[in-house]
1. Select from region 297-338 the residues that are among the hydroxyl-bearing types (Ser, Thr, Tyr) and within 18 Å of GLU253 (Cβ to Cβ) and list them in ascending order.
2. Just checking: which of the helices (runs of 4 or more DSSP H) contained wholly in region 144-218 hold 2 or more residues that are out of contact with any helix residue (DSSP H, G or I) (no Cβ under 8 Å at 6 or more places or on another chain), open to solvent by 10 Å² or more (accessible area, probe 1.4 Å) and modelled with pLDDT of 95 or more?
3. Are any of the residues in region 82-99 within 27 Å of LEU59 (Cα to Cα), modelled with pLDDT under 95 and either open to solvent by 40 Å² or more (accessible area, probe 1.4 Å) or in contact with a Cys (Cβ under 7 Å, 6 or more places away or on another chain) (or both)?
4. Which is open to solvent by less than 50 Å² (accessible area, probe 1.4 Å), out of contact with any Leu (no Cβ under 6 Å at 6 or more places or on another chain) and either under 25 Å from GLN323 (Cα atoms) or assigned to a loop (DSSP other than H, G, I, E, B) (or both), of LEU310, LEU293, LEU236?
5. Looking at region 239-253, can you tell me whether even one residue there is part of a helix (DSSP H, G or I) and of a type in the set (Gly, Ala, Ser)?
6. Condition first: in contact with a Ser or Thr (Cβ under 8 Å, 6 or more places away or on another chain), touching a residue at least 40 places away in the same chain (Cβ under 8 Å), charged (D, E, K, R) and within 30 Å of TYR297 (Cα to Cα). Can you find one or more residues in region 46-57 that meet it?
7. Just wondering, is there one or more residues in region 268-275 that are modelled with pLDDT under 95, open to solvent by less than 70 Å² (accessible area, probe 1.4 Å) and in contact with a helix residue (DSSP H, G or I) (Cβ under 9 Å, 6 or more places away or on another chain)?
Amino acid sequence: MIDGHGDDAYKLGHTITSNFSSNVYPSVDLSGLKAHLCAQMDGISSYPEPEPYTLEAGLAERHGVSSQQVCVTNGATEAIYLIAQAFRRSQTAILMPTFSEYADACRMHGHQISSLYSLQEPLDEKIEMLWVCNPNNPTGEVHCKEMLEVYIQQHPRVCFVIDQSYEYFTTKPLFSVFEAAQFPNVLLLHSLTKRYAIPGLRLGYITADESLLAHLRTHRMPWSVNQMAIEAGLYLLRHDVLTGISMDDYLKETARLRDALQASGCIEVWPTDTHYMLACLRFGKASALKAYLVREYGLLIRDASNFEGLDDRFFRVATQTKQENDKLIKAIMQWMSE
């Protein structure tokens, strides 16, 4: 799926003026962070900590847990592959449709994979690991915290991997780090990349029970998190980084965008609990719509046809500014009329 993610403007040959394909909200004031990293540039001449102990300690203090309950990774993606490696050859279920890297990582490490489409479905007694994206990518759905808690308690022999990379972009209740760490069978994934719009730095972390993370650490490679990423993480722990919009306003704008797309009569939009949404064309292909929007308007959406369980009519968009959203709505209406 390396070539199948969003934010693929680099291979399209057109200037993109508004990027709806990435779930990273771009309006974050990173001027202070950039200045700090420039001042720390001499650090690239030395090896970083073999494991990012200092940043792990800072995150642990922030969340009120032990530093042994925090494992910083080179983005949430490294966390996903590290978990798949540490529990190689497991009988694994994945709640679908969802982020493809869970299945890709598990296949790489010999897991036997099955798909689950609802937490109401009975879980096969052979299952040893279950992956849940919450909020889910690409649907934007947040699974009920209380239901998840009951499900975890009902399956004490299953290791639950709960990816909360988009936890900052919903008002629905989610597990806190402290709450999830009380379970001996829950690995919680977090993304500083998503929170602070720094995908180029690759910075994420896992929180869990100490014994569960101790097992993971035996499989991680040294120096996987570079010096600039560690410096960025430490800076972000010490300083507030301002976004250009309040979360309440952002989610209201998301609801407005969703309603406008739904009102076209030609698009079905799934309910969402966060800032991105999954849409399905009633006619035509998402790839054709994507190509048209890039060519005629410089707008980029995410063709979602390569998510398991979806077909070539599906696409995903992440809310931008009101002006950009209005431009997208108008452009899609124009495509439908041609």
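The values are calculated or read from the model by the stated rules, or taken from the named source; none is laboratory data. Just so you know, these numbers come straight off a predicted model, no measurement behind them. Glycine also receives a Cβ, built like all others from the backbone with ideal geometry; neighbour counts cover every protein chain displayed. Quick note on the areas: whole protein, heavy atoms, side chains included, nothing else; ligands and nucleic acids left out. Shrake-Rupley method; radii C 1.70, N 1.55, O 1.52, S 1.80 Å.
1. Residues satisfying the conditions are THR319, THR321.
2. Filter on region 144-218 gives 145-154, 210-217.
3. Within region 82-99, one or more residues are within 27 Å of LEU59 (Cα to Cα), modelled with pLDDT under 95 and either open to solvent by 40 Å² or more (accessible area, probe 1.4 Å) or in contact with a Cys (Cβ under 7 Å, 6 or more places away or on another chain) (or both).
4. LEU310
5. Taking every residue of region 239-253 in turn, none turns out to be part of a helix (DSSP H, G or I) and of a type in the set (Gly, Ala, Ser).
6. Scanning region 46-57 turns up no residue that is in contact with a Ser or Thr (Cβ under 8 Å, 6 or more places away or on another chain), touching a residue at least 40 places away in the same chain (Cβ under 8 Å), charged (D, E, K, R) and within 30 Å of TYR297 (Cα to Cα).
7. Checked region 268-275: no residue is modelled with pLDDT under 95, open to solvent by less than 70 Å² (accessible area, probe 1.4 Å) and in contact with a helix residue (DSSP H, G or I) (Cβ under 9 Å, 6 or more places away or on another chain).
Yes/no matrix, rows are residues, columns are (1) free of Cβ contacts under 8 Å to residues at least 24 places away in the same chain; (2) in contact with a Pro (Cβ under 9 Å, 6 or more places away or on another chain); (3) over 28 Å from MET247 (Cβ atoms):
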{"site": "ALA263", "(1), (2), (3)": "yes, no, no"}
{"site": "THR272", "(1), (2), (3)": "no, yes, no"}
{"site": "ALA291", "(1), (2), (3)": "yes, no, yes"}
{"site": "ARG295", "(1), (2), (3)": "no, no, yes"}
{"site": "ARG316", "(1), (2), (3)": "no, yes, no"}
{"site": "THR319", "(1), (2), (3)": "no, no, no"}
{"site": "ILE332", "(1), (2), (3)": "no, no, no"}
{"site": "GLU338", "(1), (2), (3)": "yes, no, yes"}
